[in-house]
1. Which residue out of Ser320, Ser308, Ser303, Ser338 is closer than 16 Å to Ala147 by Cβ, more than 16 Å from the chain's Cα centre (by Cα) and of a type in the set (Gly, Ala, Ser)?
2. Strands (runs of 3 or more DSSP E) wholly in the range 345-412 with at least 1 residues that are free of Cβ contacts under 8 Å to residues at least 12 places away in the same chain - which ones?
3. Test of understanding: among Ala69, Ala43, Ala57, Ala49, which residue is modelled with pLDDT of 95 or more, at negative phi, surrounded by 13 or more Cβ atoms within 10 Å (Cβ to Cβ) and in contact with a Lys or Arg (Cβ under 6 Å, 6 or more places away or on another chain)?
4. Which one of these is among the charged types (D, E, K, R) and over 23 Å from Pro389 (Cβ atoms): Lys428, Lys416?
5. Hey, among Thr207, Thr285, Thr216, which residue is open to solvent by less than 30 Å² (accessible area, probe 1.4 Å), in contact with a strand residue (DSSP E or B) (Cβ under 7 Å, 6 or more places away or on another chain) and under 24 Å from Val36 (Cα atoms)?
6. Among the numbered conditions (1) touching a strand residue (DSSP E or B) at 6+ places or on another chain (Cβ under 9 Å); (2) surrounded by fewer than 23 Cβ atoms within 10 Å (Cβ to Cβ); (3) touching a residue at least 24 places away in the same chain (Cβ under 8 Å), tell me where Gly233 comes up short.
7. Within the range 415-439, which residues are within 30 Å of the chain's Cα centre (by Cα) and surrounded by 19 or more Cβ atoms within 10 Å (Cβ to Cβ)?
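The values are calculated or read from the model by the stated rules, or taken from the named source; none is laboratory data. Please read all numbers here as calculations on a predicted model, not as lab measurements. Glycine also receives a Cβ, built like all others from the backbone with ideal geometry; neighbour counts cover every protein chain displayed. Note: accessible area is taken over every heavy atom of the protein model, side chains too, but ligands, DNA and RNA are not part of it. Shrake-Rupley method; radii C 1.70, N 1.55, O 1.52, S 1.80 Å.
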Amino acid sequence: MISALVSLTIALIGSVANADLTIDNFQPADLVRYPVVIVSGSADGTEMAIGTSWKSAIRFPVVNHRYSAVVELKAGRNMLLLHSGAETLKFRLDYKPMTGPYKVLAVYVTASDEKDVYYSTDPKDRFPIRQKFDVALKLMQAFTADAMNRAGYGRKTFPLELDKDGKVILHFIKSPKKGDELRALDGNAIYSHVYDVAKSQFDEALTKRCCLMGFTGFDSTAKRSVGHLALGGGCQACFGAGSMQWWPTTLKEVPKAFCDTTVLDSNKTFEDSAFRKTVWANVSTAYGAALHELGHTFGLPHSPDRFSVMSRGFDYFSRSFTVVEAPVAGKKDPTTFSKDELTRWDPFFAARLNCIPWFQPDGNGGKVFGTTNPPKVIFDGDDVVVDAPNGIRVAGAQNDAIPSWFVEYRTGDPPKHLKLSRKELRSKMQDTKQTFQIVVIDDQGQQTEIDDKL
């Protein structure tokens with residue numbers, strides 16, 4: 001599948017001069033705080049192998065002398081080994097695990113009368129949930145670090161709860177309801193039910209939950225998915241696990257998963273891919289949508305940016321792990337894309353993520369951040385007045401339909417008082433008819449949001 005895609009793409013794009021084997025997005029001995037990293041650069045040949053040993057090396061396609069790959073690091077110093085064509089490269093990266101008290105948790109929800117997997121193309125298939133969830137969350141974490149770096153904030157990302165072997169810890173929750181009862185509920189009702197069942201088991205001040213629904217199914221009579229949802233907010237993000245059967249179980253399976261052009265019939269099987277109807281697109285949409293819902297737990301709204309995680313831009317999640325996008329149903333050619341067409345965090349959203357507790361790798365010096373004296377926003381005539389005893393790091397205005405405007409104070413002692421003209425905000429937002437949200441985040445990562453029809 002990979003070689004076929006590579007051959008097709010080379011024929012489409014044409015050939016260029018030979019390229020040295022390079023890593024372009026890191027410097028030697030760079031330090032990262034998360035285990036799986038996206039590595040990109042140039043290479044000859046049609047494939048590039050990368051790993052911390054030749055035994056663990058994973059092969060990724062090289063297209064037009066470019067590659068995008070992933071590799072998992074161990075705590076401490078790592079010597080990456082790369083090979084493509086006739087060239088070999090050694091490259092050092094260092095990994096220091098995060099130490100802060102804030103965590104994103106992996107939660108798998110099942111029905112009282114069912115086993116771990118309700119729906120699969122093969123009833124005998126008991127696909128390894130822990131491994132698939134581990135890969136999924138680590139790729140979301142790696143994507144976020146890469147996207148934050150592209151936004152100018154360094155490779156900041158959210159922390160996962162890992163065991164001593166560096167694997168994502170998976171929490172299983174058994175619902176008191178039967179599977180048929182759960183699949184009869186709409187998305188909002190499922191979300192509320194999962195929250196009620198889970199809330200007593202976790203510290204909501206220090207954790208966000210990424211929850212997958214193990215009871216998601218497909219009604220062959222009605223020809224539709226059941227028990228499927230995509231909702232997030234507060235401390236909980238929920239997503240149906242109907243496409244999990246196609247998710248990669250190991251990092252070695254990632255290249256195939258994002259190149260698998262097998263066509264899915266939405267009248268016969270679970271299919272959620274923005275009408276692209278291929279295995280790779282279902283995986284891309286699932287990962288992106290789950291991250292979108294997790295974004296809501298971080299306080300982010302929807303976005304008008306078509307490539308934002310917080311819009312349908314999440315469908316393009318796989319582009320950060322490939323050089324070209326695999327063909328979709330009904331088309332034979334892959335899609336080329338520019339760096340501006342990668343899924344991303346909007347500038348205002350990246351600025352906000354940069355300030356919240358879940359994006360500080362060591363917390364507040366290993367401790368929790370303050371929860372007192374949050375920012376206050378009042379309206380005084382034409383002025384928006386912000387008072388923040390802990391200091392203002394980010395302040396701005398947002399709306400789901402038009403681009404945001406913001407100011408940030410990234411270094412030094414942040415101001416504790418800020419006055420914004422509503423007239424100027426109207427001009428900057430270029431729209432005076434809609435309701436906007438004024439958002440302020442202080443130096444402790446506390447967020448205040450208030451509506452105002454500017």
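1. On the way: Ser320 fails: more than 16 Å from the chain's Cα centre (by Cα); Ser308 fails: more than 16 Å from the chain's Cα centre (by Cα); Ser303 fails: more than 16 Å from the chain's Cα centre (by Cα).
Result: Ser338 is the single residue among Ser320, Ser308, Ser303, Ser338 that is closer than 16 Å to Ala147 by Cβ, more than 16 Å from the chain's Cα centre (by Cα) and of a type in the set (Gly, Ala, Ser).
2. Numbers: elements: 376-380, 383-387, 392-399, 402-408.
Filter on the range 345-412 gives 376-380.
3. Details: Ala69 fails: in contact with a Lys or Arg (Cβ under 6 Å, 6 or more places away or on another chain); Ala43 fails: in contact with a Lys or Arg (Cβ under 6 Å, 6 or more places away or on another chain); Ala57 fails: in contact with a Lys or Arg (Cβ under 6 Å, 6 or more places away or on another chain).
Exactly one residue qualifies, and that residue is Ala49.
4. Values: Lys416 fails: over 23 Å from Pro389 (Cβ atoms).
Answer to the selection: Lys428.
5. Numbers: Thr285 fails: in contact with a strand residue (DSSP E or B) (Cβ under 7 Å, 6 or more places away or on another chain); Thr216 fails: under 24 Å from Val36 (Cα atoms).
Unique residue meeting the criteria: Thr207.
6. (1) is the only condition that Gly233 fails.
7. Met429, Phe436, Ile438, Val439
Conditions (1) at pLDDT below 50; (2) within 17 Å of Ser320 (Cα to Cα); (3) part of a strand (DSSP E or B); (4) charged (D, E, K, R), marked per residue:
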site	(1), (2), (3), (4)
Ile10	yes, no, no, no
Ser15	yes, no, no, no
Thr22	no, no, no, no
Leu31	no, no, yes, no
